[in-house]
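Presented below is the structure to which this report refers.
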Amino acid sequence: MATNTVAIKRRRAWTTTVFIKQLMALSGLFLVLFLLFHAYGNLKLFIGAEAYDHYAHWLKGEAFYPIFPKGTFIWVFRALMVAAIGIHIFSAFYTWYKSKKARKHQYAVKKSAVDAYAARTMRITGVLLIFLIVFHLLQFTTLTIRTGFAADASPYEMVIASFQQPWIFVVYLIFVSLVTAHVGHGFWSAFQTMGWVRKNTRTFMLWLSGIVAGVIFVMFMLPPLFIATGVIH
Ligand code: HEM
């Protein structure tokens with residue numbers, strides 16, 4: 001009877017862990033969509049000040065009007081972002097805590113050295129990303145840290161003035177490289193968690209993860225590179 005209760009408890013804990021991992025995978029996939037959208041939007045810097053500022057104002061004003069009343073889409077989007085980031089961090093912490101506890105009681109499935117390295121890398125890049133995202137929001141959303149631009153600068157002026165400073169370029173090179181490393185493994189991991197990797201799709205999925213991470217890196221870093229080298233000004 002007692003053995004039965006222990007077995008039921010373990011099965012329930014296992015089911016909960018799988019569910020939480022799926023939450024991590026789905027919130028992560030949502031965040032990847034955001035990254036692709038954001039990086040694509042930033043490419044408007046190549047078209048010019050008018051196009052970029054118009055896009056930035058559209059997001060905060062008429063975006064998806066009349067489906068959303070003017071000015072509300074950005075708040076729906078922000079609420080979704082806070083929820084996705086919150087769920088992602090919580091589920092990462094929960095999975096880490098559970099596997100640590102399981103290791104202590106020695107009923108964990110032993111991870112390969114590669115998996116253990118990947119899990120540690122995801123944790124380290126994840127924590128560093130939290131700090132860099134906070135820096136990014138303080139810089140461009142709340143304008144608390146003004147990196148070479150005036151308080152009333154337009155979005156275009158903000159970005160240009162920032163990347164004209166070599167240290168900002170370096171910070172973003174590190175930031176975007178960490179995003180790329182995190183997404184590269186996370187994307188693949190999410191597909192595995194969701195059970196979407198089959199024997200015949202494994203290679204395709206691995207390639208897809210690498211390509212998505214690579215596209216994110218190139219799309220984000222192109223504008224800073226062209227600003228830092230004076231091509232866009
Ligand atoms: C070169 C790379 C990047 C540039 C030039 C850039 C530029 C910007 C700008 C200008 C804004 C403010 C938009 C506005 O309020 O008008 C912004 C907002 C934001 N960025 Fe980035 N970004 C970059 C990379 C990233 C990365 C890698 C992430 C996430 C990992 C990120 C996440 C965000 C978020 C969450 C917001 C807040 C959106 C809001 O206002 O609610 N950005 N970015």
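The values are calculated or read from the model by the stated rules, or taken from the named source; none is laboratory data. What you see is a predicted model; the values in this text were computed from it and never measured. FYI the Cβ positions are ideal-geometry reconstructions off the backbone, even for glycines, and counts take in every protein chain you see. SASA here: full protein model, heavy atoms, side chains in, ligands and nucleic acids out. Shrake-Rupley method; radii C 1.70, N 1.55, O 1.52, S 1.80 Å.
Some points to look at:
- Taking the helices alone, the chain has a mean residue ellipticity at 222 nm of -27000 deg cm²/dmol, built from -39,500 (n - 2.57) per DSSP H run of at least 4 residues and averaged over all its residues.
- Accessible surface calculations at 1.4 Å, restricted to protein heavy atoms, place the chain at 64 Å² per residue.
- Taken about its Cα centre, the chain carries a charge dipole of about 1980 debye when Lys and Arg each add +1 at the Cβ and Asp and Glu each add -1 at the Cβ.
- Average projected area [Cα convex hull, the chain], square nanometres: 16.6 nm²
- Portion, in percent, of the accessible area of the range 16-228 that falls on carbon or sulfur, probe 1.4 Å: 72 percent
- If you run the Gaussian network model on the chain, springs between alpha carbon atoms under 10 Å, then out of PHE217, PHE73, PHE163 the most flexible one is PHE73.
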